[in-house]
Amino acid sequence: MAFTLNTETRNHIFFTRNGHELNVGGRSLWFNCANEWNSIFNRANDLMKKSKVIDMDLSLSFEMVDSKSMPKLIEFIKGFKSHSKGDLIWNYDDEDMKDLGEDLEEILGVHFKFKQAS
């Protein structure tokens, strides 16, 4: 089962489910971040309630995350980890995005599996 909030991933955040993995990523933009993050929160909460999945993985693949979206991303990761014992996967294209993942890891006290895009 897969569903996407917006297929223009270069301009918006996407959210899909693939087996036991949630995929969130794309390009987070300040002018639409509240609506997109609220949609992601609602979809993820509905999915977690329905599936009662405690070992679902979260794969994050952002081209960029703007400063207004950062608190929403942190809130999402915290909420996800409170419901799932699955892995957190941080996909990155460049060193700046890897550094961001490492910073989030330290701030949140979580462990990411880092994967560089090929």
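Here are 78, 68, 113: which of them is within 14 Å of the chain's Cα centre (by Cα), closer than 22 Å to residue 33 by Cβ and open to solvent by 40 Å² or more (accessible area, probe 1.4 Å)? Even if it seems obvious, please write down each step before you answer.
Values: 68 fails: within 14 Å of the chain's Cα centre (by Cα); 113 fails: closer than 22 Å to residue 33 by Cβ.
The unique qualifying residue is 78.
Does residue 27 meet the test of being surrounded by fewer than 19 Cβ atoms within 10 Å (Cβ to Cβ) and under 20 Å from residue 115 (Cβ atoms)?
yes
Go through (1) surrounded by 14 or more Cβ atoms within 10 Å (Cβ to Cβ); (2) of a type outside the set (Val, Ile, Thr); (3) touching a helix residue (DSSP H, G or I) at 6+ places or on another chain (Cβ under 8 Å); (4) modelled with pLDDT of 95 or more and name the single condition residue 105 misses.
(3)
Would you list the helices (runs of 4 or more DSSP H) that sit entirely within the range 31-118 and hold 2 or more residues that are over 14 Å from residue 14 (Cα atoms) and among the polar types (S, T, N, Q)? I'd like the intermediate steps shown before the answer.
On the way: elements: 33-51, 70-83, 95-108.
Here the list reads 33-51.
Do we find a residue being surrounded by fewer than 19 Cβ atoms within 10 Å (Cβ to Cβ), of a type in the set (D, E, K, R) and at pLDDT 85 or above anywhere in the range 44-62? Spell out the reasoning first.
Filtering the range 44-62 down to residues surrounded by fewer than 19 Cβ atoms within 10 Å (Cβ to Cβ) leaves 45-55, 61.
Remaining after also requiring of a type in the set (D, E, K, R): 46, 49-50, 52, 55.
Those still in the list that are at pLDDT 85 or above too: none.
No, the range 44-62 contains no residue that is surrounded by fewer than 19 Cβ atoms within 10 Å (Cβ to Cβ), of a type in the set (D, E, K, R) and at pLDDT 85 or above.
The values are calculated or read from the model by the stated rules, or taken from the named source; none is laboratory data. Note that the coordinates shown come from a computational prediction; the quantities given were computed from them, not determined experimentally. For neighbour counting, all protein chains shown are included, and Cβ atoms are generated from backbone atoms with ideal geometry for every residue, glycine included. Surface areas here come from the heavy atoms of the whole protein model, side chains and all, with no ligands, DNA or RNA. Shrake-Rupley method; radii C 1.70, N 1.55, O 1.52, S 1.80 Å.
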